[in-house]
1. Farthest toward the dipole's positive end in region 178-282, which of W237, T203, H266, given Cβ charges of +1 (Lys, Arg) and -1 (Asp, Glu) about the Cα centre?
2. Starting from 0 in steps of 5 Å, tell me what percent of the Cα-Cα pairs of region 231-326 lands in each bin.
3. Enter the per residue convex hull volume of region 63-145, computed from alpha-carbon coordinates, in Å³ rounded to the nearest integer.
4. Name the residue farthest towards the positive end of the dipole of region 108-150 from the options V122, A144, C112, assuming +1 on Cβ of Lys and Arg, -1 on Cβ of Asp and Glu, about the Cα centre.
5. Semi-axes, largest first, in whole Å: what does sqrt of 5 times each Cα gyration tensor eigenvalue give for region 116-183?
6. Add -39500 (n - 2.57) for each DSSP H run of 4 or more in the chain, then divide by its residues: what number comes out at 222 nm, to the nearest 500 deg cm²/dmol?
7. Mind checking Rg over Rh on the chain, alpha carbons, Kirkwood formula for Rh?
8. Considering only W217, W72, W111, give the residue with the highest GNM mean-square fluctuation for the chain, with springs between Cα atoms whenever their separation is below 10 Å.
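Each value in this text was obtained by applying a stated rule to the coordinates, not by laboratory testing. A quick note: this is a predicted structure, and the numbers were derived from the prediction, not measured. Every residue, glycine as well, gets a Cβ built from its backbone with ideal geometry; the counts of neighbours run over all protein chains shown.
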Amino acid sequence: MAARESSSSGMRGVAAVPSYVVMQPTTLCNLDCAYCYLPLRAADRRMPVSVAEAVAASVNPWSASGRFSVVWHGGEPLAAGREHLAALLAPFDPRVEHHVQTNATLIDDEWCDFFVAHQVRVSVSVDGPRERNGDRVTRGGRPAYDRILRGVAALRRRGLPFSALAVVSRPTPGLAAELYEYFLDLGCDVLGVNIEETEGVNTRDNAHEAADVTAFWAELVAAWRREPRIHLREVEWTLRYAAAVLDGVADDVLPRQLDPIPTIGHDGSVTVLSPELAGFTDPRYDDFSSGNVLETPLAEILAGAERTPWVGEFLDGVEACRSSCPYFGFCGGGHAANRYFELGRFDGTETEHCRNSKIRLLEGVLEHARDHQSPAA
């Protein structure tokens with residue numbers, strides 16, 4: 001009961017030390033995906049090396065205490081070029097793990113050499129078979145699928161492990177099983193599945209029939225259980241939570257404090273809790289940032305993150321979720337960006353993202369379990 005007791009006197013608050021940071025080496029993306037949330041993806045605003053040096057000054061001591069990751073993400077990190085990305089990696093301690101989220105269209109043998117030399121772990125964004133990638137197009141509106149596959153083929157040819165991330169815009173019967181079979185053949189070792197979210201510059205509606213989304217997740221669990229050769233991110237997390245409930249330790253699943261997940265923009269600005277807020281402004285909150293690493297050390301910014309005006313409002317929303325939602329122990333109060341872009345403020349409660357990717361995910365896993373439980377003796 002430790003987690004619940006620790007929060008019973010108030011909000012969980014934001015931890016001063018993150019488990020990872022997100023870095024934006026460039027705002028530019030060479031694709032123009034219909035569901036992308038990024039506001040500046042047509043502009044090539046590159047991160048100066050001085051920003052990476054400033055971040056590394058805080059990250060390197062954290063990496064000495066245990067596993068620590070830097071995730072290079074948003075727009076297309078490889079669009080920064082190998083020389084510049086190498087310069088951004090250079091200030092970090094060798095113990096820091098580097099990950100890159102990429103659309104894979106630029107990956108070739110030279111990039112594979114780069115990943116090996118710098119020990120960079122790769123995650124590829126692709127939405128399944130060719131016909132499922134209609135939203136992933138070039139700036140000229142042409143399909144990007146063949147270029148994505150060429151990048152994946154280069155990774156496989158070189159024997160480099162990679163993760164995959166798929167966006168599902170319309171959960172329909174049969175889709176989950178199709179996707180799982182596809183990613184088994186693709187060769188990834190980890191798969192993440194995101195139901196499309198209404199956030200950032202993507203204003204497309206993400207409301208779906210509850211039964212359809214629940215059935216999607218249940219079908220995905222069934223496909224994975226038939227051949228669990230890859231790690232399925234959302235499902236495995238849900239099963240760990242279910243096991244904790246059965247063991248009577250569910251209150252210990254959520255961290256005692258929220259991970260700040262600092263996103264370092266190309267200009268050094270720091271946005272906490274939701275990378276999707278970076279680059280946006282609102283007259284009520286200004287630009288959502290909590291500071292800039294070129295002016296204040298990252299560790300100091302995170303230590304004072306709760307003083308950022310919108311963060312306090314978000315923590316009020318987390319407490320509202322705790323008091324009203326039976327799924328709170330599973331999701332921990334949702335994400336700040338989903339609240340803001342769906343509800344227009346941070347202290348609301350349930351969002352479509354909550355329903356699609358938390359509530360119905362858990363219900364889908366439980367539905368599968370009920371349908372496949374052993375008959376009573």
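1. W237
2. The distribution over region 231-326 is 2, 11, 17, 19, 16, 13, 12, 8, 3, 0, given as percents.
3. On the way: hull volume 9.0 nm³, N = 83.
It comes to 108 Å³ per residue, whole-number rounded.
4. With unit charges placed on the Cβ atoms, the residue in question is A144.
5. Values: eigenvalues 107, 52, 20 Å².
Each semi-axis is the square root of five times an eigenvalue, giving 23, 16, 10 Å.
6. Values: 13 runs with 141 residues, N = 377.
Value at 222 nm, helices only, nearest 500: -11500 deg cm²/dmol.
7. Values: Rg = 20.5 Å, Rh = 21.6 Å.
For the chain, the value is 0.95.
8. Looking only at W217, W72, W111, the biggest GNM fluctuation is shown by W111.
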